[in-house]
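Shown next, in structure tokens, is the structure this report addresses.
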Amino acid sequence: MKSAELRKRFLDFFKARGHAVIKSDSLIPRNDPTLLFTGAGMNQFKDYFLGLRTDLKRAASVQKCLRTGDLDQVGKTPYHHSFFEMLGNFSFGDYFKEEAIAWAWEFFTKELGIPRERLFVSVHEKDHEALAIWVKKIGVPEKLIAHLDDKSNFWPSNAPKLGPDGPCGPCSEIYFDQGEHYPGATKKFWADDDSGRYAEVWNLVFTQFEREKGGKLVPLKSKNIDTGMGLERLACLMQGKQNNFETDIFELIHRDLRLALGFSEKAIIPSMNSLYAMSDHVRAIVFAVTDGAIPANEGRGYVIRKLIRRALWHAHELLNVSNNASDKRIENPFLYQVVPTVVKTMRDAYPELAEAQNSVQRTLEAEEERFLNTLETGLRIIEDRLRHLKGKKEVPAEIVFELYDTYGFPDELTRIIAKKSGFTLDEKGFQKLFEEQRKRAKASSKLADTIFAVSDINQDLAKLSETRFLGYQTMEAEGKVIWTNFSGEKGAIVLQETPFYPEGGGQVGDIGMLKGNAFEFLVQDTQKKERVTIHYGKLLKGKVNVGDSCRAIVSKDHREATKRNHTATHLLQAALRAVIGTHIRQVGSLVNAEKLRFDFTHGEALTREEIKRVEDWVNQAVLEAAPVEVKRQSYDTAMRGGVLAFFGDKYGNEVRVIEVPGRSKELCGGTHCHQTGEIGAFVITSETSIGSGTRRIEALTGMNIIQYLRRLQETMDQLSLTLKVSSDQVVDRVEKLQKKMRELERSNSNLTKTTIDSDELIRSAQTIGDIHLIAQNIPGEGIEFLRHFVDQVRNKMKQSVIALFSSKDAKISMIVALSKDLATSKLDAKEMAQKAAECLEGSAGGRKDLAQGGGRNEQGIEKAIESIAKLIRKTVGI
């Protein structure tokens, strides 16, 4: 039975039993700061489990999930995945254990036709209710039912003793017997057989308790059902396979990965584990990037970057095994070539993949290129480090962690190379450093230590009815205060209804005034929590009491300017897709009264000509003064009509469509112009990179353009005055100066090799307290040249920081080092290099005593040197 049929049968089965079929939520949870990624089917139903929403009693879904806790096991075991699909049925205070158990059994035995004798069940050792249902209602012999403890059959695992606080409850799990001929099968009681013969398929969670501080389990008034079953595992069992990766889900992906790596379709692969891991990771990458996760150095972006790098490492390992060598290199990106295969395999269930395909490919290819360069660097560094470990047989943990943390170089690859050269790794030391980093990351992510984090304020807000929004029709209305929270003059107010737009969809919240008979309140921001709109600000006079009436007045200037920028953002996305290509996808935006910012997928910088064409496209739409139409439609109707949706967002059954006929059509809940002419004009002020395959445009509209042009004119006037030429001669004058400067630089570069020596560098030092900062820009040289001078200076000087820069072929090289006597001081060369690299629009890494990096902004070298000086002053207390 194919996976597509299993999906359909599951949803149809529960739809026939009164469940609303809910589409999968995004992998990127919205309005839930406790999660990096959606990891379970129940995540999108959080409000229902908490009782904050009551409009749904029964639901069923196939949820795309991403978990990274067991990445090392992916590919090595039959069932571990990073990305997977979770089938689930849910009850929110409706049916409970009897129906959940009976329907699960019916789905398996009747819908799928699985023989009863191949199914085994477990219950929590204290859940006598579930046990009785299985024995008396279903007819499973009690002697075949496993009675398991809190670790195995309670959700969350061990929650009664270890927490976290929040809703929890016992589980009952259903297992599938893969047969007595399964490798390693024993004659033990089924629950004691650890061969893998009995595969856990479906987990039924009975959420009946609230765990309070101290571990007390309090029965919930409204008991819930939360079940989860992995589609990949179910497909494996129904297709008679012993490994999830052998199912139809992965068949085409395996084939095209083989071809991309240079293997024939039927060639024997020496390491199937690596092929399986790559197949898993590329699926996860495609889905995550489609939903808006972009490779980065922190948060969910770091997870995606890690998945890409692990996939490339597996390819490296696979090629080395197949060639019986450890120096075979992956020369070109290849994972991106498999993206269309993943889309083809999954697009029927997830149509958004097809629209995102081109942008995902560009993002992935750019990130692959980035890491392949890193891989070469890492290989050189580890080989260099090993050469210097004379007389030692263990690679220090600091080296392994430096490669891992700074260069993104997998410790697995370090281990392979070290082993070939006769070294082992300081595993305990590395794990200690790794764990310390993990704890820092966890602390910085501010994830709450509860299943459902709800503050006291949120609990108060949850009792309030949904705020009625009047802002589409008016910017001024009467309101009644129904909730307040103040600390001095700063506070928050909730009205029964309001014209104030709360921040959402990239648009900032409204500002303005609340005026009552006895108070005036300056609204400085408007936010939405749960279903309630909150006005944050400052009490100007009087006192606010619940029950007070007031006049809610939105700042017209702020709202109108924001509207212009929001409508222009829609036109900008349409223009980019028309001019650059339909692979363009929004991955983020900011719309306020001053400007608009639009983040989108694209693998390279826009040319000046492309920017001009995009500006012209939008301005033509502005000149047309076309109507901006607002419609409410069902989600399915809107999508069939070709509307653009930001796939990271979650949409309800009814959506709001903003359309400029013939120009733009998007789902959006924000405020907009009535016609495009209100925008006035549109100018792009910057276009930059914010990550692999991701660009950012900032632009202005309306009166902000007038102010911008005035600033430009003032700058041009100042240039004319400084250069002593008219404004139309400024460019020619600058070009002549640049030509003269290049000639001088070439002359200086030729002199550098013969005239610059370490003594001259030392004499150029500036003194900061007891520290000498030796900083120099040496044009036309590479990193090896800079290392040579650093080594000379370090051997001659004490109490010194050496920072050398060089520009060559539009690339800046940098090296920062401490003299040997400062190795144990508080000064940190790596920190200084990374700070300096920001000025160069680049990156850096290394050790505490020696670091290197680079960038592309030659104009930033002076600022880079000053940033190092500032860090020194801060460290030595000056």
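The values are calculated or read from the model by the stated rules, or taken from the named source; none is laboratory data. Keep in mind that what you see is a predicted model, and the values were worked out from it rather than measured. Note: ideal-geometry Cβ built from the backbone for every residue, glycine included; neighbour counts use all protein chains shown. Surface accessibility is based on the protein's heavy atoms, side chains included, excluding ligands, DNA and RNA. Shrake-Rupley method; radii C 1.70, N 1.55, O 1.52, S 1.80 Å.
Brief remarks follow.
- Per-residue ellipticity at 222 nm computed for the chain from its helices equals -12500 deg cm²/dmol, with DSSP H segments shorter than 4 residues left out and the rest contributing -39,500 (n - 2.57).
- Karplus-derived HN-Hα couplings along the range 252-260 (A = 6.51, B = -1.76, C = 1.60, θ = phi - 60°), whole Hz, x at Gly and Pro: 5, 5, 4, 4, 7, 5, 4, 5, 5
- Given a 1.4 Å probe and the protein chains as shown, residue 135 ends up with an accessible area of around 50 Å².
- Residues residue 435 and residue 740, FRET efficiency given R0 of 51 Å [Cβ-Cβ distance, rounded to 0.05]: 0.35
- Whole-percent carbon and sulfur share, accessible surface of the range 133-261, 1.4 Å: 48
- Cα lying deepest toward the dipole's positive end in the chain, options 775, 694, 855, charges on Cβ: 775
- Once the C-beta distance of residue 784 and residue 760 is scaled by a Förster radius of 30 Å, the resulting FRET efficiency is 0.95 to the nearest 0.05.
- Partner aspartates and glutamates for residue 538 [C-alpha distance under 14 Å; skip if fewer than 8 residues away on the same chain]: 489, 520, 525
- Accessible area per residue for the chain, computed on protein heavy atoms with a 1.4 Å probe, is 47 Å².
- Spatial separation of Cα centroids for the range 181-244 and the range 367-393, in angstrom: 43
- Three-way shape call for the range 18-113 based on the alpha-carbon gyration tensor, with the a/c threshold at 1.5: oblate
- Gyration tensor (alpha-carbon) shape descriptor, the range 264-390, a/c threshold 1.5: oblate
- Highest-first arrangement of 357-363, 564-570, 333-339, where packing means the average Cβ count within 10 Å: 564-570, 357-363, 333-339
- √(5λ) per eigenvalue of the Cα gyration tensor, the range 644-738, largest first, Å: 41, 18, 10
- Under 5 Å between amide hydrogens, built in the peptide plane, is the criterion, and for residue 501 it picks out 510 among residues at least 5 positions away or on other chains.
- Dipole moment magnitude, nearest 20 debye, the range 699-748 about Cα centre, only Lys, Arg, Asp, Glu C-beta charged: 160
- Burial ranking of peptide ranges 604-611, 236-243 (average Cβ count within 10 Å, highest at the top): 236-243, 604-611
- Inverse mean reciprocal Cα-Cα distance (Kirkwood Rh) of the range 230-320, Å: 14.1
- Dipole magnitude for the range 8-97: about 340 debye, using +1 per Lys or Arg Cβ and -1 per Asp or Glu Cβ, origin at the Cα centre.
- Cα centre as origin, Lys/Arg/Asp/Glu Cβ charges: the chain dipole, Debye: 660
- Rolling a 1.4 Å probe across all protein chains gives residue 847 an accessible area of roughly 80 Å².
- The range 544-594, Rg to Rh (Cα coordinates; Rh as Kirkwood inverse mean 1/r): 1.29
- Of the listed residues 730, 683, the order by accessible area with a 1.4 Å probe, largest first, is 683, 730.
- For residue 796, a cut-off of 23 angstrom between C-alpha atoms picks up these lysines, skipping any fewer than 8 places away in its own chain: 753, 820, 826, 830, 848.
- In this structure residue 727 has an accessible area near 70 Å², from a 1.4 Å probe over the protein heavy atoms.
- Listed peptides 187-197, 245-255 appear in the order 245-255, 187-197 once ranked by packing, highest mean of other Cβ atoms within 10 Å at the front.
- Residues in the range 177-184 carry Karplus couplings, in order, of 7, 8, x, 5, 8, 4, x, x Hz; the curve used is 6.51 cos²θ - 1.76 cosθ + 1.60 with θ = phi - 60°, and Gly or Pro positions show x.
- Rounded to 5, the percent of DSSP beta bridges in the range 755-833 classed as antiparallel: 65
- Both numbers refer to the Cα atoms of the range 170-329; Rg and Dmax are 20.8, 64 Å.
- Diffusion of the range 482-553 by Stokes-Einstein, at 37 °C in a medium of 0.692 mPa s and with Rh set to the Kirkwood radius over alpha-carbon pairs, works out to 273 µm²/s.
- Summing +1 for each Lys or Arg and -1 for each Asp or Glu among the other residues whose beta-carbon sits under 14 angstrom from that of residue 111 gives +4.
- Cα-based Rg and Dmax for the chain, where Dmax is the largest Cα-Cα distance (Å): 31.2, 98
- Cα gyration tensor shape of the range 370-423, rounded if a/c is under 1.5, else prolate or oblate by comparing a/b with b/c: prolate
- On the beta carbon distance between residue 72 and residue 820, with R0 = 45 Å, the FRET formula returns roughly 0.70.
- Spatial offset of the range 464-531 relative to the range 13-89 amounts to 33 Å, using the alpha carbon center of each.
- Contour excess over end-to-end distance, with Cα ends at residue 463 and residue 187 and 0.36 nm allotted per residue: 93.7 nm
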